[in-house]
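Notes for the one structure printed next.
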Number of protein chains: 2
Amino acid sequence: MRLRRYASSLLILIFVIAFGLPALAADPLPSWNDGPAKRAVMDFVTRTTLEGGPDFIPVPERIATFDNDGTLWAEKPLYAQLFFALDRVRQLAPDHPEWKTQEPFASLLKGDMKGVEKGGMKALLEVVMATHAGMTTDEFEALVREWIATARHPQTKMLFTGMVYQPMLELLDYMRANGFKTFIVSGGGIEFMRPWTEKVYGVPPEQVVGSSIKTKFELRDGKPAILREAQLDFIDDKEGKPVGINLHIGRRPVAAFGNSDGDLQMLQYATAGQGARFALLVHHTDGQREFAYDKGAEKALAAAAQAGWTVVDMKKDWKTIYPAAK
Amino acid sequence: MRLRRYASSLLILIFVIAFGLPALAADPLPSWNDGPAKRAVMDFVTRTTLEGGPDFIPVPERIATFDNDGTLWAEKPLYAQLFFALDRVRQLAPDHPEWKTQEPFASLLKGDMKGVEKGGMKALLEVVMATHAGMTTDEFEALVREWIATARHPQTKMLFTGMVYQPMLELLDYMRANGFKTFIVSGGGIEFMRPWTEKVYGVPPEQVVGSSIKTKFELRDGKPAILREAQLDFIDDKEGKPVGINLHIGRRPVAAFGNSDGDLQMLQYATAGQGARFALLVHHTDGQREFAYDKGAEKALAAAAQAGWTVVDMKKDWKTIYPAAK
């Protein structure tokens, strides 16, 4: 009798090891405090992956899109890509004496970002074209790789890639472990992100959608190359996000994650599809551990309140903000 | 002794079943005759997937790009998409009495393709805009789905999706089974292909690159939609193919498959990368079972001869052309 009980315990143990581990697995989102945001996202994933359930989504349709700046990593006081442009301007300045008096470069070189902002979109584009164009894609990739490996945030002195959100890294992993294909859909430059998103987020280049400048194929000394031209191609922001998603993915996402008005249309587009849908906004409420701001997110937050989208209160919902330093 | 031999045979059998099956597996390319083309592609896959070997390619970099028209399915006497456009013109003609006299529609409605061709690219674009724009992406997808399910080739009377090349279907499967990510990179319309490439080729929408018209996000009666506009966005042909690859994939392919001069730059771009590379041209030599032609492939064939790219002689290399009817 005792032996039989022992044998059946052993059998149960074998079954648990063989099939039961996922059920007993550790919390997939350990950096999230228990609360409505964590529960909402886990509930969505559980419902949509339950075969035979009313909300089941077949694997190929499990498309999840994530904004980058402010959603996956910090965006204050400026987008990291602008620090990259600033460093490039400083680096190129010796060859451009005219920049000392020519706006927006003059302000930029003095570190006067307010002065740059005065020039608006036009000034910003000038800076991008002067620093991001006129080279091959291979050359630009090398520049980005070099910069991202060493560049540090002016206030925290951390690597920019150290200022990604640990809870969002866990969320990306969790969704992928459940058959979701994760895409980045960002207003940032597509070729600025691709050199490092695979290593940092586990998102390969072909799953990155972003803004772009025109490129041109040519044979350089008989060798094929793609040249980056000083001409805007596409802005992947606001109304541009659903357009970029349609062009690059060709499927409406079932889940979308953002933090600002630039993500509003992406969240509207994702949630307007049929079947189970999920939208989440990261609300920057933590001035202590990160940056606290609503500016530029007013419309998105209002839409979230109205539509019942999930809103992450960074201060309350996230145990940690950045990954532990390696 | 006999028992021991029996036991060890049994053990070997168990090992073969458990671990040895891949080695004993059936030919992955049964519709290919043994010959230099089949041997070249299998040699490339074997070398590049051999861990620790000199030509090993890590899985994320195993990007393979395939042209569609003439490479994965038949393109004669016209691209299937033109038959789609033709059917759309006929369908829309009652609402466009002016088409009876207005070129290129007048020629098209009379079935005079030579007359349409006289108008060149401009005429073709007019037909595309009249038939492919002015609706939402969801509406266009529905039109394509309906057409592709029933439309038949005027000569063979087969479904267009029945005129895909069986040897290439096997090749797509074979490469995917070896960790290659397969993309379509075609001059055809990106949204014309996406509704059926997953079912027919196993290539999901997000791995399809093609030509496109501009689209625009808007709220229609409060519902988000993407509208197709009568304006060209991008032509994914010739020099456009590496540009499209760079924009959509962001990685240089290690293997590229085409059949015409429209694919030349893609094959040049793929093979110019470092490490093991593979390029293949499908040469249409079989007037009996398919269509025999070199026109429009002269430059590509010359480049293949010079660079030593693999050329498939359809008549010699392929046992069958189309899949057995289901």
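Does the range B:183-204 contain at least one residue that is of a type outside the set (A, V, I, L, M, F, W, C), within 28 Å of B:Leu29 (Cα to Cα), within 8 Å of chain A (Cβ to nearest Cβ) and free of Cβ contacts under 8 Å to residues at least 40 places away in the same chain?
Yes, there is a match, as at least one residue in the range B:183-204 is of a type outside the set (A, V, I, L, M, F, W, C), within 28 Å of B:Leu29 (Cα to Cα), within 8 Å of chain A (Cβ to nearest Cβ) and free of Cβ contacts under 8 Å to residues at least 40 places away in the same chain.
Give the residue, chosen from B:Gly120, B:Gly134, B:Gly111, that is of a type in the set (Gly, Ala, Ser) and surrounded by 13 or more Cβ atoms within 10 Å (Cβ to Cβ). Talk me through it step by step, then tell me what you get.
On the way: B:Gly120 fails: surrounded by 13 or more Cβ atoms within 10 Å (Cβ to Cβ); B:Gly111 fails: surrounded by 13 or more Cβ atoms within 10 Å (Cβ to Cβ).
Result: B:Gly134 is the single residue among B:Gly120, B:Gly134, B:Gly111 that is of a type in the set (Gly, Ala, Ser) and surrounded by 13 or more Cβ atoms within 10 Å (Cβ to Cβ).
Condition check: more than 14 Å from chain B (Cβ to nearest Cβ) and crowded, with 17+ Cβ neighbours inside 10 Å. Does A:Phe66 satisfy that?
yes
Quickly run through the range A:207-223 and pick out the residues that are crowded, with 21+ Cβ neighbours inside 10 Å and not β-branched (Val, Ile, Thr).
A:Gln207, A:Gly210, A:Ser211, A:Phe217
Considering every residue within the range A:221-231, establish whether at least one is at positive phi and small (Gly, Ala, Ser).
Yes, the range A:221-231 contains at least one residue that is at positive phi and small (Gly, Ala, Ser).
Just to be sure I understand, how many residues within the range A:76-87 are buried (at least 18 other Cβ atoms within 10 Å of the Cβ) and part of a helix (DSSP H, G or I)? Steps first, please.
Our first condition is that a residue be buried (at least 18 other Cβ atoms within 10 Å of the Cβ); within the range A:76-87, this holds for A:79-82, A:84-86.
So of that shortlist, the ones also part of a helix (DSSP H, G or I) come out as A:80-82, A:84-86.
Total meeting the criteria: 6.
If you go through the range B:56-98 one residue at a time, how many are among the acidic types (Asp, Glu) and out of contact with any helix residue (DSSP H, G or I) (no Cβ under 9 Å at 6 or more places or on another chain)?
From the range B:56-98, those among the acidic types (Asp, Glu) are B:61, B:67, B:69, B:75, B:87, B:95, B:98; that's our starting set.
Still in the list and also out of contact with any helix residue (DSSP H, G or I) (no Cβ under 9 Å at 6 or more places or on another chain): B:61, B:75, B:95.
Final tally of qualifying residues: 3.
Please count how many residues of the range A:205-232 are aliphatic (A, V, I, L, M) and more than 11 Å from chain B (Cβ to nearest Cβ). Full working, then the answer.
Step one: list which residues in the range A:205-232 are aliphatic (A, V, I, L, M), which gives A:208-209, A:213, A:219, A:225-227, A:230, A:232.
Add one more test, that the residue is more than 11 Å from chain B (Cβ to nearest Cβ), and what stays is A:230, A:232.
Within the range A:205-232, residues that are aliphatic (A, V, I, L, M) and more than 11 Å from chain B (Cβ to nearest Cβ) number 2.
Determine if the range A:251-269 includes at least one residue that is at pLDDT 95 or above, within 11 Å of chain B (Cβ to nearest Cβ) and within 30 Å of B:Lys238 (Cα to Cα).
Yes, because at least one residue in the range A:251-269 is at pLDDT 95 or above, within 11 Å of chain B (Cβ to nearest Cβ) and within 30 Å of B:Lys238 (Cα to Cα).
Can you pull out every residue in the range A:142-162 that is of a type outside the set (Ser, Thr, Tyr) and either within 26 Å of B:Arg251 (Cβ to Cβ) or under 12 Å from the mean Cα position of the chain (by Cα) (or both)?
A:Ala142, A:Leu143, A:Val144, A:Arg145, A:Glu146, A:Trp147, A:Ile148, A:Ala149, A:Ala151, A:Leu159, A:Phe160, A:Gly162
Is at least one residue of the range B:148-165 within 14 Å of chain A (Cβ to nearest Cβ) and either without any contact (Cβ under 8 Å) to a residue 24 or more places away in the chain or under 29 Å from B:Pro30 (Cα atoms) (or both)?
There is no residue in the range B:148-165 that is within 14 Å of chain A (Cβ to nearest Cβ) and either without any contact (Cβ under 8 Å) to a residue 24 or more places away in the chain or under 29 Å from B:Pro30 (Cα atoms) (or both).
Can you tell which of B:Ile245, B:Ile235 is more than 8 Å from chain A (Cβ to nearest Cβ), surrounded by 23 or more Cβ atoms within 10 Å (Cβ to Cβ), touching a residue at least 24 places away in the same chain (Cβ under 8 Å) and aliphatic (A, V, I, L, M)?
Residue meeting the stated conditions: B:Ile245.
Out of the residues in the range B:276-294 that are away from every other protein chain (no Cβ under 14 Å) and within 27 Å of A:Glu139 (Cβ to Cβ), which is farthest from the chain's Cα centre (by Cα)?
Checked the range B:276-294; the qualifying residue farthest from the chain's Cα centre (by Cα) is B:Ala276.
Here is a yes/no grid of residues against (1) in a strand (DSSP E or B); (2) closer than 26 Å to A:Tyr269 by Cα:
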| residue | (1), (2) |
| --- | --- |
| B:Gln155 | no, no |
| B:Thr161 | no, no |
| B:Leu171 | no, no |
| B:Phe183 | yes, yes |
| B:Ser186 | yes, no |
| B:Phe192 | no, yes |
| B:Val200 | no, no |
| B:Gly210 | yes, yes |
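Please enumerate the residues belonging to the range B:260-298 that are within 15 Å of B:Val311 (Cα to Cα) and in a loop (DSSP other than H, G, I, E, B). Give the derivation first.
Residues of the range B:260-298 within 15 Å of B:Val311 (Cα to Cα): B:260-261, B:263-264, B:267-268, B:271, B:277-286, B:292-294, B:297-298.
Residues satisfying the conditions are B:Ser260, B:Arg277, B:Asp286, B:Asp294, B:Ala297.
Going by what's in this entry, would A:Asp294 be described as free of Cβ contacts under 8 Å to residues at least 12 places away in the same chain and touching a helix residue (DSSP H, G or I) at 6+ places or on another chain (Cβ under 8 Å)?
Judged against the criteria, A:Asp294 is a match.
For (1) within 28 Å of the chain's Cα centre (by Cα); (2) under 17 Å from B:Ser211 (Cα atoms); (3) at pLDDT 95 or above, each residue gets a yes or a no:
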{"site": "B:Phe84", "(1), (2), (3)": "yes, yes, yes"}
{"site": "B:Leu92", "(1), (2), (3)": "no, no, yes"}
{"site": "B:Gly111", "(1), (2), (3)": "yes, no, no"}
{"site": "B:Lys114", "(1), (2), (3)": "yes, no, no"}
{"site": "B:Glu126", "(1), (2), (3)": "yes, yes, no"}
{"site": "B:Phe140", "(1), (2), (3)": "yes, yes, yes"}
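The values are calculated or read from the model by the stated rules, or taken from the named source; none is laboratory data. If you're wondering where the values come from, they're calculated on a predicted model, not measured in any experiment. Neighbour counts are summed over all protein chains in view; Cβ atoms, including those assigned to glycine, are modelled from backbone coordinates with ideal geometry.
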